[in-house]
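Accompanying notes for the structure given below.
The values are calculated or read from the model by the stated rules, or taken from the named source; none is laboratory data. Computed from a prediction, not measured in an experiment: that's the story for all the values here. Because the Cβ atoms are built from the backbone with ideal geometry, glycine has one as well, and the counts that use them run over all protein chains shown. Heavy atoms of the whole protein, side chains included, go into the accessibility calculation; ligands, DNA and RNA do not. Shrake-Rupley method; radii C 1.70, N 1.55, O 1.52, S 1.80 Å.
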Amino acid sequence: MNSDQHTTPYRCAVYFVPALHSDWWQAGSHWLGRCAATGQLLTQPALEGVAAAEFAACTAEPRRYGWHATLKAPFRLAPDVDVPMLLTALRELAGTLPAFVMPPLRVSTLGGFLALRPKGDLTLIQATAAACVQRLHHLAMPLDEAELARRRRVPLTPAQDALLCEWGYPWVLDHFQFHLSLTGPLNNLPDDVRLALVQAAEARFHALPALHFGQIAVFAEAEKGADFQLIDHVELLG
């Protein structure tokens, strides 16, 4: 865990993470091949029907971001804000949010990539994510025109574009979909390799106990393009 909280990173993000060192944390971190708490590269599991190099390549994108589910997408801190101020705000917010047990998480290929998505009542998940987006937004720097243009390279509906302008990200509030990413895009992989990945993920994650949603964390991208690292996490106490 990075203790240098007084150096302003390029970007921060607010993520859900399983309890550190839990079965869920270990299973996801090893699947991606990196621990976001220590920055250490990890040995990925050997998957039947998927070459090691192929597995490493298709997990490269989520490996950079670390094992997590996005609550408030990566953002630049406002000029008068530093990481300790963000952590203080996060602790205050966490004191108002209840911990809960997640609905079952199932492997999904929605969006062309592999992810774990909840199946069941999403009310508490949606409320927690909305609180992170709305109540921490004053700490974020508004997007500049270049960043707005980059985000708009992906086709957006008018409603999503309005969310982008107001909250700095288009997939929030009613358009938010909780997920823990397991791969990047799989469009270029043969069907048999995609199937093998799905089967391996189901075998690995469906057998785990129910996931407890009990903490939220700040991750930081120290420099543009750097791997995201977990800076600190806070318990939900509401």
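So in region 60-75, with the set limited to residues that are among the aliphatic types (A, V, I, L, M) and within 21 Å of His175 (Cβ to Cβ), which one is surrounded by the fewest Cβ atoms within 10 Å (Cβ to Cβ)?
Ala73
State the number of residues belonging to region 106-121 that are open to solvent by less than 50 Å² (accessible area, probe 1.4 Å), within 16 Å of the chain's Cα centre (by Cα) and either free of Cβ contacts under 8 Å to residues at least 40 places away in the same chain or farther than 12 Å from Ala69 by Cα (or both).
4
So which residues in region 127-136 are closer than 14 Å to Ala73 by Cα and either assigned to a helix (DSSP H, G or I) or open to solvent by 10 Å² or more (accessible area, probe 1.4 Å) (or both)?
Thr128, Ala129, Ala130, Ala131, Cys132, Val133, Gln134, Arg135
Quick check on Leu124: is it of a type in the set (A, V, I, L, M, F, W, C) and either under 25 Å from Tyr10 (Cβ atoms) or open to solvent by less than 20 Å² (accessible area, probe 1.4 Å) (or both)?
No, not satisfied.
Which one is nearest to Leu236 (Cα to Cα), of the residues in region 50-90 that are out of contact with any Asp or Glu (no Cβ under 9 Å at 6 or more places or on another chain) and among the charged types (D, E, K, R)?
This residue is Lys72.
Which of the residues spanning region 77-98 are part of a loop (DSSP other than H, G, I, E, B) and free of Cβ contacts under 8 Å to residues at least 24 places away in the same chain?
Hit for region 77-98 is Asp80, nothing else.
Quick test of your reading of the structure: Ser181 fulfils all but one of (1) over 21 Å from Arg64 (Cα atoms); (2) in contact with a strand residue (DSSP E or B) (Cβ under 6 Å, 6 or more places away or on another chain). Name the failing condition by number.
(1)
When you go through (1) surrounded by 14 or more Cβ atoms within 10 Å (Cβ to Cβ); (2) over 20 Å from Leu208 (Cα atoms); (3) free of Cβ contacts under 8 Å to residues at least 60 places away in the same chain one by one for Ala52, which number turns out not to apply?
(1)
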